[in-house]
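The structure appears below as structure tokens.
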Amino acid sequence: MLVIDTCCEGVLVRSNPVVETAEWQDTYLPVVLFSSHHYTYRVVNSYPHDPDAFTQGLVFENGRLFEGTGLYGQSSLREVDLETGEVLRSLSLPSLYFGEGITIYNEQIVQLTWWSNVGFIYDRDSFELLENFDYLTEGWGITHDGERLIVSDGTSTLYFWDPVTFEEIGRIEVFDQYGPVTRLNELEYVRGEVFANVWYTDRIARIDPHIGRVQGWINLEGLLESGRGGSADVLNGIAYDAENDRLFVTGKLWSWLFEIELVPWEE
């Protein structure tokens with residue numbers, strides 16, 4: 001079972017609130033400086049994962065696992081059998097695109113690309129390309145809260161997009177008690193929080209999507225010590241099975257996908 005809680009204490013600091021892009025102004029909102037909760041993990045299950053998959057996005061919905069992969073000439077959208085790791089369906093992206101994060105909204109899959117400023121919308125069940133759209137930033141991770149798409153671009157900013165027009169409708173800056181948290185990568189919305197991989201670390205940030213504060217850190221160090229082949233093989237890929245309260249994680253070029261349970265870390 002996934003453990004979710006929050007903690008706030010300390011002194012007042014200043015931080016940007018959620019900014020509606022039509023009303024941008026240099027205002028600040030007082031928030032409470034806090035001590036983030038820290039978690040380690042317990043492995044509940046291990047599942048085979050394609051070691052050639054450069055995982056950029058992961059989604060679990062209604063018993064089905066979907067994955068977006070990257071690299072020029074190797075990017076794809078896939079449906080994968082969780083138990084066996086078998087690729088059930090795959091759609092290759094044109095070689096000029098570097099695939100990034102994916103999410104499913106209203107039975108449609110949204111997939112970002114890295115530097116091309118182009119996103120794709122597919123029918124979830126057929127992988128038919130329905131349309132594409134443009135955006136202004138780099139594309140890294142994407143998820144949604146049921147009303148808005150939530151997007152990262154490798155900085156400390158999370159963007160909110162209208163899920164119909166794909167226009168930006170707001171943004172927040174992500175921070176913890178030490179300052180801005182940058183290199184936000186793959187995203188997953190989990191019980192009111194945004195879980196974010198932080199590129200080139202073994203940590204996942206649990207973010208309050210209202211003000212950008214990191215509520216807690218999940219340390220996954222040691223999850224896959226053996227089998228890593230190089231510096232690119234980093235933790236990246238978070239999927240949440242809301243129906244059964246299961247959390248899945250994997251990484252780029254990892255040979256395993258893990259179901260984990262969060263364990264509060266005690267100093």
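The values are calculated or read from the model by the stated rules, or taken from the named source; none is laboratory data. Please read all numbers here as calculations on a predicted model, not as lab measurements. Because the Cβ atoms are built from the backbone with ideal geometry, glycine has one as well, and the counts that use them run over all protein chains shown.
For residues that are modelled with pLDDT under 95 and out of contact with any strand residue (DSSP E or B) (no Cβ under 6 Å at 6 or more places or on another chain), scanning just segment 180-203, find the one that is surrounded by the fewest Cβ atoms within 10 Å (Cβ to Cβ).
Selected residue: Y200.
Hey, could you check segment 252-267 for residues that are of a type in the set (D, E, K, R) and within 21 Å of G141 (Cα to Cα) and say which is modelled with the highest pLDDT?
Per the stated criteria, the residue is E259.
In segment 61-134, which strands (runs of 3 or more DSSP E) lie fully inside it and hold 2 or more residues that are under 17 Å from G237 (Cβ atoms)? Let's see the steps before the verdict.
Working: elements: 64-69, 76-80, 87-92, 99-105, 108-113, 118-123, 129-134.
Result: 64-69, 76-80, 87-92, 99-105, 108-113.
Checking the structure you have, find out if any residue of segment 136-146 is assigned to a strand (DSSP E or B) and touching a residue at least 60 places away in the same chain (Cβ under 8 Å).
yes
Scan segment 191-205 for residues that are closer than 20 Å to G170 by Cβ and in contact with a Phe, Trp or Tyr (Cβ under 9 Å, 6 or more places away or on another chain) and jot them down.
F195, A205
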